[in-house]
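The values are calculated or read from the model by the stated rules, or taken from the named source; none is laboratory data. It should be emphasised that the depicted structure is a prediction, and the values quoted were computed from it without experimental measurement. Reconstructed Cβ throughout: ideal geometry from the backbone, glycine too, with neighbour counts over all protein chains shown. Only protein heavy atoms, including side chains, enter the accessible area calculation; ligands, DNA and RNA are left aside. Shrake-Rupley method; radii C 1.70, N 1.55, O 1.52, S 1.80 Å.
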Amino acid sequence: PAESQILTALKRIAEAYPDAVVPVTSQLTTYLEQDSDSHRIGAIAVLGTVSKDYPHIAEETIPTATELLDAENHMLRANAAGLLADLSDEYPEKVRSSVSRVIELLDDDDEKVRYNATSILSRVAKQYPEDVEPAIPSLIDTLDDDFEYSRGNACWALGYLAAESAVETLRERKQSDPDEEVRAVAEQAIQMIEDGS
């Protein structure tokens, strides 16, 4: 329990003062290799928080985080996908190899896993659309996800992919999505597709 409490405290510190946690990130990465799911979940949460400001500190964790996308524990899967989403802004070329596995996560039972998967795909699609093209049918299905942020990310990804097959569904979202932001992003995605085709 002491280690879990330390990881919880570190996450709180990282949220306010990410620079203060940078010196212990190498110890945090060793937790990723442990058998304890709770320690791995905690360590990834801290690394994800710090990597928003200092992505280089977690760059080396990309292969491990990719492996953890297959974890039984849904929180571990969600946090691993969240860390990869944060890192895919800075290192899309290193995250792109995990795209096929990430596409499968769009059907995950866990809302947070699905959301983080859409975050990864939209960010990688911005730089490497050809890698994410196989996700188009799944991303179109994601436009019906219960979670508005997943629907919004799916709109962005489809826009970056210039996915003409998505235009009809995006128009429906633009007209009738209950979330104002999703309606706006759907409209932007349609514009991106029409400009790109």
Taking segment 43-61 and keeping only residues that are open to solvent by 10 Å² or more (accessible area, probe 1.4 Å) and in a helix (DSSP H, G or I), one is left with Ala45, Thr49, Pro55, His56, Ile57, Glu59, Glu60
Would you mention how many residues in segment 157-197 are open to solvent by 90 Å² or more (accessible area, probe 1.4 Å), over 17 Å from Ser122 (Cα atoms) and in contact with a Lys or Arg (Cβ under 8 Å, 6 or more places away or on another chain)? 1
Got at least one residue in segment 81-89 being surrounded by fewer than 18 Cβ atoms within 10 Å (Cβ to Cβ) and closer than 30 Å to Pro137 by Cβ? yes
Got at least one residue in segment 9-25 being small (Gly, Ala, Ser), within 20 Å of Tyr115 (Cα to Cα) and surrounded by 14 or more Cβ atoms within 10 Å (Cβ to Cβ)? no
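Every residue, every condition in (1) outside any helix (DSSP H, G or I); (2) over 17 Å from Glu194 (Cβ atoms); (3) in contact with a His (Cβ under 7 Å, 6 or more places away or on another chain), yes or no:
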{"residue": "Ala117", "(1), (2), (3)": "no, yes, no"}
{"residue": "Pro134", "(1), (2), (3)": "no, yes, no"}
{"residue": "Ser150", "(1), (2), (3)": "no, yes, no"}
{"residue": "Ala157", "(1), (2), (3)": "no, no, no"}
{"residue": "Ala162", "(1), (2), (3)": "yes, no, no"}
{"residue": "Val167", "(1), (2), (3)": "no, no, no"}
{"residue": "Leu170", "(1), (2), (3)": "no, no, no"}
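Scan Glu111, Glu67, Glu133 and give me the residue that is without any contact (Cβ under 8 Å) to a residue 24 or more places away in the chain, in contact with a helix residue (DSSP H, G or I) (Cβ under 9 Å, 6 or more places away or on another chain) and open to solvent by 40 Å² or more (accessible area, probe 1.4 Å). Even if it seems obvious, please write down each step before you answer.
Values: Glu111 fails: without any contact (Cβ under 8 Å) to a residue 24 or more places away in the chain; Glu133 fails: without any contact (Cβ under 8 Å) to a residue 24 or more places away in the chain.
Exactly one of Glu111, Glu67, Glu133 is without any contact (Cβ under 8 Å) to a residue 24 or more places away in the chain, in contact with a helix residue (DSSP H, G or I) (Cβ under 9 Å, 6 or more places away or on another chain) and open to solvent by 40 Å² or more (accessible area, probe 1.4 Å), namely Glu67.
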Determine which single condition Ser119 fails, assuming it passes every other condition in (1) of a type outside the set (A, V, I, L, M, F, W, C); (2) closer than 19 Å to Val50 by Cβ; (3) open to solvent by 30 Å² or more (accessible area, probe 1.4 Å). (3)
